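Scroll down for the structure; my scribbles are underneath it.
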Amino acid sequence: MARSHQRGTVRLEHNSWVGFMNLKVLDPTTGQSKWKKQRVGVLGAKSKMTKYQAQDSLEEVIAKRTGGSTQPRADERIVTLGWFTRNRFFPLREGSTWNEGTAASRKSDIERDLLTNFGEVPMEQIDKVMLQTHLNGLARRLSAGRVKHARFFMKAIFEEAIDQGFVEKNPARKLIVPKELRRVDKTTLTWEQLRLVLASAPLRDRILLILDMTETFRPSELFALRWSGFDMGGNTLTVSQTVYRGKLRDYGKTKMSLRTVHAPEGLANELWLWKQACPNPTPDAFIFPNSRKRNGVRRNGFIRTDNYRARVLKPLAKKLELPKLNFQVLRRTMATLAQTKGSIKDVQGILGHSKADTTVNVYMQSIEDSVKHTQEAIYCELTARQKLVGGSKNGKNLVRFGTVGVVDGPQVIVPQGQGA
């Protein structure tokens, strides 16, 4: 085994002697070893030791750390951000905090928005300025959500690296979300526009869309519905599976995804009529199957969300001159309009959200007419007439006041405790 005879180097920093040593380290991306200068730490104050004494102290530290060997140790490898993220961070998140669909989406975003630029860079060489500059660049071309997710995962990856002992500091800890973010799409439709969509759709799509608007299913839930989950007598629909990227799953996006929902009587009747006309009304068949033929054979599988959006929703939006029409717009629209029909908890239950915060802060938008009505009500309360009530005590006139309603014209309010 090769022996190490290095003495290292000593440098003066802030009136203290700091030692550095050379180590042969492994680069996991190339499998090759190379020399790297590593900071040993503060050896002592300049006022308490000479440079020669600091050098002697450094030699003792080097001897303890290397044992006289130049061979690299496993914990002294050059770890790149890409290696750590793919081999140490992703495995911890997959199956624990991320389900299959979320994992695929998150990993794709991290690869594109972070590892494309920093994947081959050693983690110790990445600093706050590099990350903030990169984040500012993302803000000029990506949505606000993607930028915020990028910042979140930068911090999370480095925090995990600290816990596992690969780095000492988190350069992403104080990253600032750029002010100039692309506007988040918050398109919603009106009741009139929704009725126009339903009136313009053929039978299958009309029933599919009115079901989605009423129950606000996610497309992964909507296209997995089977006739076995429809109870005509009980007016209920049960979501027992979801579909995602061409696969059936026994779980959904949240714990509330797999659920039984109420179907209004009129909707239940329409579903019953569709059952008589659909290609396959057997219990195991999908309520809205993909009935396209391939090689002369009818498939009757489930509909893919991207295909339905391209073949049905986009043409309808163009035909009816709507600003936008997709399942996200429909869920946001129904969450917004439903706030005048029930409580926030009611809307949360309809949308299948685990947290009411998601319902309120992400999906619900303000309704202009409702805002105006609230402003009118506030103004009426502020300008309500004050009723003056006279009385006397010990020969002094007293005035009490109380609200009696709104009157026309300016009002004079007598402060409490002053005579009339």
In the neighbourhood of THR216 defined by beta carbon distances under 14 Å, the net charge of the other residues (Lys, Arg +1; Asp, Glu -1) is +2
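Please compute the net charge surrounding MET256, taking Lys and Arg as +1 and Asp and Glu as -1 over other residues with Cβ under 11 Å from its Cβ.
Here the charged neighbours net out to +4.
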The FRET efficiency for GLU376 and GLU180, from their Cβ-Cβ distance with R0 = 41 Å and rounded to 0.05, is 0.70
Which of the peptides 246-259, 114-127 is most tightly packed, and how do the rest follow, going by the mean number of other Cβ atoms within 10 Å of each residue?
-> 114-127, 246-259
Highest average packing first - 154-160, 347-353, Cβ atoms within 10 Å | 347-353, 154-160
How much length is gained if the chain between ALA277 and LYS128 is pulled fully straight, taking 0.36 nm per residue apart and subtracting their Cα-Cα distance, in nm to one decimal?
-> 47.4 nm
Past 27 Å, Cα to Cα, is the threshold; run LYS36/LYS148; LYS107/LYS319; LYS36/LYS169; LYS314/LYS345; LYS107/LYS155 against it and keep the listed order.
-> LYS36/LYS148; LYS107/LYS319; LYS314/LYS345
Reachable aspartates and glutamates from LYS355, criterion Cα separation under 20 angstrom, eight or more residues apart if same chain | GLU215, GLU221, ASP346
Just need the relative contact order of region 81-163 here, percent rounded to a whole number, with Cα pairs under 8 Å and 6+ apart.
-> 42 percent
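All of the numbers you see were taken from the coordinates with simple rules; none came from a lab. This structure is a prediction, so every number in the text was calculated from the model and none was measured. As a convention, Cβ positions derive from the backbone with ideal geometry for all residues, glycine included, and neighbour counts pool all protein chains shown.
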